[in-house]
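Everything below concerns the one structure shown next.
The values are calculated or read from the model by the stated rules, or taken from the named source; none is laboratory data. The shown structure was predicted, so the numbers you read here are calculated from the model rather than taken from an experiment. Note: ideal-geometry Cβ built from the backbone for every residue, glycine included; neighbour counts use all protein chains shown.
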Amino acid sequence: MQLLVSVADAREARAARLGGADVIDAKNPHRGALGAVSGATLRAIRAAAGRPFSAALGDAGGTAMLARRTRIAVQLGAAYVKVGFRDVLTTAGVRARVVAALGATAARPGTHVVLVAYADWSRAGSAAPPVVLEVAAATGAAGVLLDTAYKDAALFALWSPEMVGAWVAALQRARLFAALAGSLTARDVPLARALGADLVGVRGAACVGGRLGRVTRARVAALSALARGSAPLRAALA
């Protein structure tokens, strides 16, 4: 299983790289679950990442804004762009946002579109996860990230492991990669791996001081070992 670490700036990107993150994700944690960083910050993160990087594009605003942000990420060589659907409830609305992002990646087939479904979708006013899965499969998106819009309840507090495992299996049957996030801790990483997730995403678990703190190399290294199954949990928590 791969480890994605969300970083707010170039300094954190270097810490994530040195700690062994597989994917370094540019995200402004002060702007919610999918807060987009500025173009200048994205360039700095890209330069510091030294490996595949992704960009959160936000889940508010119209399709024109989404397409602009996607084009910037594509020009910088992003491996993934993450698209959310806050305040988008219909299948048609979800599809419109996905088509805008896919259209903006046409010049660089190496940039893959990842849709974000929220476990707390009703509270967030977002499309239900089955709708997101359906649109992902129909449009050619690469995968779906199951996340939480609000960070006061973790993924496994909202969905049982059995529900998450069934979700992962449904994505993989649809030939989509399955990613999990949502205030996950080090203790959750082995569970995500056991449930068959292809990728696990973290922010707060990689930081000293919580999700608004600073990503550290040591915390990323411990999480990376757990994601790979190369270290027991007790060693990572030591």
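Structure summary
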{"item": "Whichever residue in segment 60-96 is within 17 Å of the chain's Cα centre (by Cα) and among the charged types (D, E, K, R) and, among such residues, is nearest to Gly140 (Cα to Cα)", "result": "Lys82"}
{"item": "Hey, Ala78 in a helix (DSSP H, G or I), at pLDDT 95 or above and crowded, with 24+ Cβ neighbours inside 10 Å or not", "result": "no"}
{"item": "Residues of segment 53-70 satisfying the condition of being surrounded by fewer than 18 Cβ atoms within 10 Å (Cβ to Cβ) and not hydrophobic (A, V, I, L, M, F, W, C)", "result": "Gly61, Gly62, Thr63, Arg68"}
{"item": "Residue list for segment 13-31, restricted to those being under 16 Å from the mean Cα position of the chain (by Cα) and under 14 Å from Gly50 (Cα atoms)", "result": "Ala13, Ala16, Ala21, Asp22, Val23, Ile24, Asp25, Ala26"}
{"item": "Candidate set: segment 81-97, residues that are surrounded by fewer than 23 Cβ atoms within 10 Å (Cβ to Cβ) and in contact with a strand residue (DSSP E or B) (Cβ under 9 Å, 6 or more places away or on another chain); chosen: the one farthest from Gly32 (Cα to Cα)", "result": "Leu89"}
{"item": "Residue in segment 161-175 that is in a loop (DSSP other than H, G, I, E, B), on the phi > 0 side of the Ramachandran plot, in contact (Cβ under 8 Å) with a residue 24 or more places away in the chain and not small (Gly, Ala, Ser) present", "result": "yes"}
{"item": "Total residues in segment 16-30, condition touching a strand residue (DSSP E or B) at 6+ places or on another chain (Cβ under 9 Å) and either polar (S, T, N, Q) or surrounded by fewer than 24 Cβ atoms within 10 Å (Cβ to Cβ) (or both)", "result": "7"}
